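> I have a structure I would like to understand better, so I am pasting it below and will then ask my questions one at a time.
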Amino acid sequence: MMKISKSEFIKGVIGNDYGLEDNLPHVAFFGRSNAGKSSVINSLVSKKDLVKTSKLPGRTREANFFRINDSFFFVDFPGYGYAKHSISERNKMIKRILWYVEFSNVRPQAVFLIIDVRVGLTTLDRDMIKILKDNKHTIVIVANKIDKLAKGAAKKQLLSIQKEAQDIPVMGYSAKTNEGKDELTQTIASFV
Ligand SMILES: Nc1nc2c(ncn2[C@@H]2O[C@H](COP(=O)(O)OP(=O)(O)OP(=O)(O)O)[C@@H](O)[C@H]2O)c(=O)[nH]1
Ligand SMILES: [Mg+2]
């Protein structure tokens, strides 16, 4: 069983030059703004504020690299689809994500697509999944905020998301209660 015992912020990257010296594997976190990417990372590393989270969506503008257990990176990407960003800001962020998934030589071992379990997959998530699939990336959908639904409703919603996601695995999660943490940690361990 992998345990995450060490986590440190390495750098935030705005451009396309990741310039990371160590050749360690990456796992990336993508998803709509406010889905809880940063919170999920904090929950996985058992820290309150390794990653800044916010009630105001659209705050993460850089790709933030965190080195975990001295052996791999978590990469927290800016959320997509935040309506209040200007179109040019949105295009910039999308370009950065696309560069990373299409052209970067530091291919992630897996991309964890964080969604809000209550919302399910949105058009932007579907577009992202298509791009990731076209580029042969390994995807896992993390349906976060499961604490916000009653047990029965959560189960029903997870089934419906899994049905749509077809061959992509879907895992329930709560960054608030840590539900699903062991399972997600072991899934990450299997990729790094
Ligand atoms: N109840 C509950 N709230 C959550 C959970 N995960 C995140 N939140 C809340 O959702 C809001 C957004 O969380 P963030 O982690 O900042 O979301 P993000 O996806 O990183 O957002 P951007 O950086 O804007 O893309 C915050 O108010 C969190 O406290 C969860 O599992 N349960
Ligand atoms: Mg964030």
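> Of the DSSP beta bridges with both residues in segment 7-191, give the percent that are antiparallel, rounding to the nearest 5.
So the antiparallel bridges in segment 7-191 amount to around 35 percent.
> For the chain, what's the relative contact order in percent, using C-alpha pairs closer than 8 Å and at least 6 residues apart?
Across the chain, relative contact order equals 25 percent.
> Can you put Leu124, Leu44 in order, fewest other beta carbons within 10 Å first?
Details: Leu124 15, Leu44 23.
Listing Leu124, Leu44 from fewest to most nearby Cβ atoms yields Leu124, Leu44.
> Which whole-percent values make up P(r) of the chain when all C-alpha to C-alpha distances are grouped in 5 Å steps starting at zero?
Binned Cα distances yield the sequence 1, 8, 17, 22, 22, 17, 9, 3, 1, 0.
> For Glu102 paired with Lys176, estimate the spin-label separation in nm (one decimal), with each label point 7 Å from Cα along the Cα-to-Cβ line.
Here the modelled spin labels are 3.8 nm apart.
> What FRET efficiency would be calculated for the residue pair Lys52, Asp127, taking the C-beta separation as r and a Förster radius of 25 Å, to the nearest 0.05?
Taking R0 as 25 Å, the efficiency between Lys52 and Asp127 is 0.40.
> Can you give the three extents of the C-alpha atoms in segment 128-167 along their principal axes, from longest to shortest, in whole Å?
So the extents along the principal axes, rounded to whole Å, are 36, 17, 12.
> For the residues His137, His26, what sequence is obtained by ranking on other C-beta atoms within 10 Å, fewest first?
Details: His137 18, His26 21.
Ascending Cβ contact count within 10 Å gives the list His137, His26.
> Quick check: pseudo-label points 7 Å beyond the Cα along Cα→Cβ at Lys136 and Ser190, how many nm apart are they?
Result: 2.1 nm between the two label points.
Any read-out appearing in this document is the output of simple, stated calculations on the displayed coordinates, not a laboratory observation. Note that the structure is a prediction, hence the values are computed from the model and not measured. Cβ sites come from the backbone with ideal geometry, for glycine too, and all protein chains shown count toward neighbours.
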